[in-house]
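The values are calculated or read from the model by the stated rules, or taken from the named source; none is laboratory data. Only a predicted model underlies this, so the values are computations on that prediction, with no experimental measurement involved. A quick note on method: Cβ atoms are made from the backbone with ideal geometry, for glycine too, and the neighbour counts reach across all protein chains shown.
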Amino acid sequence: MEKQNLFDIRIKKPDRNIYTEAKKQWDSISKPLDGLGDFENIICQIAAIQKELCPDIYARTLIVFCADNGIVAHGVTQSEQDVTRKVAIALGESRSAASVIAKGVKANVLPVDIGINCEDKISGVLDMKVAHGTKDFLSSSAMTEKQTLQAIECGIELAREQKKAGAGLLATGEMGIGNTTTSSAVLAAILKLDSEKMVGRGAGLDDIKLQNKREVVRMGIEKYADVFNHIDDEADRSFEILRCLGGLDIAAMCGVFIGGAIYGVPVVIDGVISSVAALLAQIFVPGTKEYMIASHGGREAGLEIALKKLGLRPLINGNMALGEGTGALMIFPLLDNALYLYRHGTRFADNEIEDYERFC
C-alpha cells in the first residue's frame with residue numbers, strides 16, 4: 001500500500017433506512033421512549049452497519065496487538081521491556097486478564113505480534129511482525145513510512161478476515177510497555193495541545209518518573225516540530241506524527257478501524273491508545289468514526305480528549321486503565337442485554353397500551 005492509496009479510501013455510510021427502522025422497533029417496545037439511552041442508539045448503529053434490522057453481535061473478536069517501543073530506553077515506564085513478550089505469552093495461552101474476561105463474555109481473542117522485540121515465535125500469537133519494536137523517537141523517527149503503512153495494512157487485512165469468518169463485532173486492544181508514552185505524544189502533536197495534560201501515570205509511575213515521562217514527550221514533539229508544522233494537509237501531517245512518534249500497535253489498530261468501516265463491521269474502542277488509533281483512522285479515512293463504538297471513559301486524560309474530538313461518548317466510565325482491550329470487553333454483556341430487549345421486548349400492542357408519540 002502507498003500512502004496516497006490509504007488517503008484515497010472512501011467509506012460508505014451505514015444504512016440510514018435500517019437505522020430509522022431499528023429506532024421504530026425500539027419505540028414499539030413497552031417502555032419510555034429512549035429509555036435505554038445510548039444503548040438504543042448503539043443497537044441501531046450496529047443494525048445500520050450490518051444492514052440487518054436484527055443485528056448479530058454474538059460472533060465477536062478482540063484483536064490485541066503486541067509491540068515494543070524504543071522510547072522505554074528513557075525510563076518512562078515502571079516495567080522492563082520484556083514484560084511485553086511475557087504478557088503476549090499469557091495471551092497466547094489464554095490466561096492474561098483480557099483472555100479471562102473474554103471467556104466470561106463469550107468473545108474470541110486474537111493476539112497478534114505486530115512488533116515484539118524478540119526473535120522467537122510465540123505459541124498462540126499470530127505472527128505479523130513488522131519490526132522488533134520501534135526506534136527511540138528521541139534518536140530517530142519511530143518507524144519508516146513503509147513500516148507504518150505495513151502495520152496499518154495488517155489491521156485492515158485482519159478486519160477483512162474476521163468479517164469473512166463471520167464476526168459481527170470487533171474490539172481493539174494492545175499490549176506494549178511504553179505505549180501510553182507514544183500515544184500521549186501522538187495525540188498531543190495531532191491536536192497541538194499541551195503534552196503535560198496528556199501524559200498520565202500509565203501502569204503506575206511515581207511523581208518523579210511521571211515528570212520524566214512528560215519531559216520525554218515534550219522533547220519528542222519539539223524534535224519533529226519543524227517537520228509537522230510545515231505540512232498543511234491534516235492527513236499527511238498526522239501520518240508523519242504517527243510515523244515519528246507512534247507505535248506499531250497504534251498503526252495496526254488504526255488499520256482495524258479502517259478495515260471495519262470498509263467491510264461493514266462495528267469496532268469497539270478500548271482505552272487511550274485505542275482511541276488515538278481511532279482518531280488517526282478518522283483523519284486518514286473520513287467516515288470511519290460511524291463504524292466505531294466507544295466503550296469506557298478510563299483514567300488517562302487523553303482518552304476523554306480523543307473521544308471528544310471524535311464526537312463519541314463512552315457507554316461506561318469505570319476509571320479503568322488495564323489495557324489489552326479489557327474495557328472494550330466490559331461492555332459486551334451490556335450490549336447483549338440491550339440487544340435481547342430489542343429482539344424480545346414486550347410491545348405496547350401486547351399490553352393494549354397506546355404507543356408513545358415522538359414530538360422531537
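Quick notes on this one:
- Here Leu322 does not fit the description of being surrounded by fewer than 24 Cβ atoms within 10 Å (Cβ to Cβ) and touching a Pro at 6+ places or on another chain (Cβ under 8 Å).
- On the stretch given as segment 54-85, residues that are buried (at least 20 other Cβ atoms within 10 Å of the Cβ), in a helix (DSSP H, G or I) and small (Gly, Ala, Ser) total 1.
- Residue within segment 265-281 that is more than 17 Å from Ala188 (Cα to Cα) and surrounded by fewer than 24 Cβ atoms within 10 Å (Cβ to Cβ) present: yes
- Unique residue being among the aromatic types (Phe, Trp, Tyr), crowded, with 24+ Cβ neighbours inside 10 Å and over 21 Å from Gly298 (Cα atoms) when the list is Phe257, Phe239: Phe239
- Residue check for Arg347: more than 29 Å from Leu62 (Cα to Cα), surrounded by fewer than 16 Cβ atoms within 10 Å (Cβ to Cβ) and at pLDDT below 90: no
- Of the residues in segment 86-95, at least one is surrounded by fewer than 24 Cβ atoms within 10 Å (Cβ to Cβ) and basic (Lys, Arg).
- Positions within segment 1-45 being under 28 Å from Glu354 (Cβ atoms), part of a helix (DSSP H, G or I) and among the hydrophobic types (A, V, I, L, M, F, W, C), in sequence order: Ile18, Ala22, Trp26, Phe39, Ile42, Ile43, Cys44
- When Ile57 is tested against the conditions (1) farther than 30 Å from Gln211 by Cβ; (2) touching a Cys at 6+ places or on another chain (Cβ under 9 Å); (3) aliphatic (A, V, I, L, M), the lone failure is (2).
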